[in-house]
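Below is one structure, written out as structure tokens, with a few remarks after it.
The values are calculated or read from the model by the stated rules, or taken from the named source; none is laboratory data. Every value quoted in this text rests on a predicted model; they were computed, and no experiment measured them. Note that we place each Cβ from the backbone using ideal geometry, even for glycine, and neighbour counts take in every protein chain shown.
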Amino acid sequence: MNMKNPVERYYDSVAGNYDKNMSKFLIAHFKEAEKKQVLKLLNARKNEMILDAGCGTGFYSKEIDFQGANVYATDISKKMVKMINQKRIKTEHSDLHKLNL
């Protein structure tokens, strides 16, 4: 019996193709526009500590890290966390409802 919650099961199931699917067609255009606005509002500074909660495969984490901030990423999907770890971002597998900050 699979004891994962439905959200974790879903994101584990799409993790392998997530980055590829987010870079296709019109969604890529919207993701880039969204990224510009999020990063502008975030205004990450060198050595600032930033939590990326629900980080997925690290779309924003990579950008935050590139800007010089220290990013700590967490996601409910173990597969997504495994993928972002390959990008050398510090991550934790965690359900945000249970995350102990």
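Observations
- Close pairs from region 24-35: first assigned to a helix (DSSP H, G or I), partner not polar (S, T, N, Q), Cβ under 8 Å, at least 6 apart: Ala28/Met22; Lys31/Met22; Lys31/Phe59; Lys35/Phe59; Lys35/Tyr60; Lys35/Glu63
- Qualifying residues in region 73-88 (those that are closer than 16 Å to Ala53 by Cβ and of a type in the set (S, T, N, Q)) - the one surrounded by the most Cβ atoms within 10 Å (Cβ to Cβ): Ser77
- Among residues of region 60-101 being polar (S, T, N, Q) and part of a loop (DSSP other than H, G, I, E, B), the one that is modelled with the lowest pLDDT is Asn100.
- Of the residues making up region 52-81, those that are touching a residue at least 40 places away in the same chain (Cβ under 8 Å) and of a type in the set (Lys, Arg) are Lys78, Lys79.
- Selection from region 5-26 of residues that are surrounded by 13 or more Cβ atoms within 10 Å (Cβ to Cβ) and at pLDDT below 85: Tyr18, Asp19, Met22
- The residue of region 41-59 that is surrounded by the most Cβ atoms within 10 Å (Cβ to Cβ), among those that are part of a loop (DSSP other than H, G, I, E, B) and charged (D, E, K, R), is Glu48.
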